[in-house]
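Peer 1: Next up is a structure, given as structure tokens.
The values are calculated or read from the model by the stated rules, or taken from the named source; none is laboratory data. Bear in mind the structure is a predicted one, so any value in this text is a computation, not a measurement. Don't worry about glycine lacking a Cβ; one is built from the backbone with ideal geometry, like all the others, and counts go over all protein chains shown.
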Amino acid sequence: YYQLFIINRNGGLVYSKSLAPTAPALSTNDSLRLGSTFHGLHAIAQQIAPIVSGGIERLETETFILQCFQTLTGVKFVVTAAPGTPDLDALLRGIYEVYSDYVLK
Amino acid sequence: VGVRLIDDFLAKSGVDNCSNFRETADVISKVAFKMFLGITPEVVNWNKENTAFSLVFVDNPLVDFVELPPQYMELSYCNLLCGIIVGALEMVQLQVGCTFVKDVLRGDDGTELRVELKGLMRNVMSDEYKEK
């Protein structure tokens, strides 16, 4: 796993964490920019998709995978990981549960 | 409370999008109420357009040990429940109104909450961002 981002329903980044020493070092400003850019791209993808789409779910490149889980309330959980990492969707749903237990209460 | 509770509910129950308001009502009564209060209210009194329903229940765990003194007879003790329903549904883009029709603390035989769908919400830009 490389990094975790949590983006709120207005597009602002609320949490980012580096999960491995090999992850790229992002300054706070860079992570904020990344968060809102992703939010915008996600919304655009959802609207230009030729079929009914829920936005960007998974992005695979040769060097990393990016998985995004959007809740029904608009919060996005985004994780980047090395190619071939399994169960990213389950990981994000687990993080959503923990978020609702500890962050919102 | 509702604004936060909806995430907790969705994370733990894993329910997906409801396709219509009737499904929303069922999910509220059978899954959400059961999860948080341990009771399953009945969904009754649907109006013709399927946009309003009543939640009826006899036992209300919130008022098990509560009695209203005479000077507070006008108090809606469980108005919290209405706020939770309105707040939670607002976070999933459903604007509803919720009122108490019957309340055991006022002497009725059961509790009845009326939930009315006011409309679907769309995320719109606030006026300060609009181009002139």
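Peer 1: Taking residue A:95 and the conditions (1) farther than 17 Å from residue B:7 by Cβ; (2) in contact (Cβ under 8 Å) with a residue 12 or more places away in the chain, which numbered condition does it fall short on, given that it satisfies the others?
Peer 2: (1)
Peer 1: Let me ask another. Within segment A:72-94, take every residue that is more than 11 Å from the chain's Cα centre (by Cα), surrounded by 12 or more Cβ atoms within 10 Å (Cβ to Cβ) and part of a helix (DSSP H, G or I) and give me the one that is nearest to the other protein chains (Cβ to nearest Cβ).
Peer 2: A:93
Peer 1: Identify the single condition in (1) under 23 Å from residue B:120 (Cβ atoms); (2) out of contact with any helix residue (DSSP H, G or I) (no Cβ under 6 Å at 6 or more places or on another chain) that residue A:31 does not satisfy, given that it satisfies every other one.
Peer 2: So residue A:31 meets the others, but not (1).
Peer 1: Can you tell me which residue among A:35, A:74 is closer than 26 Å to residue B:19 by Cα and either modelled with pLDDT of 90 or more or small (Gly, Ala, Ser) (or both)?
Peer 2: A:74
Peer 1: A further question follows. Can you tell me which residue in segment B:95-125 is nearest to residue B:22 (Cα to Cα), limited to those that are assigned to a strand (DSSP E or B) and charged (D, E, K, R)?
Peer 2: Result: B:116.
Peer 1: Next question, about the same structure. Given the structure, is residue B:40 farther than 14 Å from residue B:84 by Cβ, more than 9 Å from chain A (Cβ to nearest Cβ) and in contact with a Leu (Cβ under 7 Å, 6 or more places away or on another chain)?
Peer 2: No.
Peer 1: Going through segment B:1-32 one residue at a time, which ones are surrounded by 19 or more Cβ atoms within 10 Å (Cβ to Cβ) and within 10 Å of another protein chain (Cβ to nearest Cβ)?
Peer 2: Within segment B:1-32, B:5, B:6, B:7, B:8, B:9, B:10, B:11 qualify.
Peer 1: For segment A:57-71, enumerate the residues that are of a type in the set (A, V, I, L, M, F, W, C) and either surrounded by fewer than 14 Cβ atoms within 10 Å (Cβ to Cβ) or touching an Asp or Glu at 6+ places or on another chain (Cβ under 9 Å) (or both).
Peer 2: Correct list: A:66, A:68, A:69.
Peer 1: Moving to a separate point now. Output the residues belonging to segment A:14-31 that are surrounded by fewer than 12 Cβ atoms within 10 Å (Cβ to Cβ) and part of a loop (DSSP other than H, G, I, E, B).
Peer 2: Within segment A:14-31, A:20, A:21, A:22, A:24, A:25, A:27 qualify.
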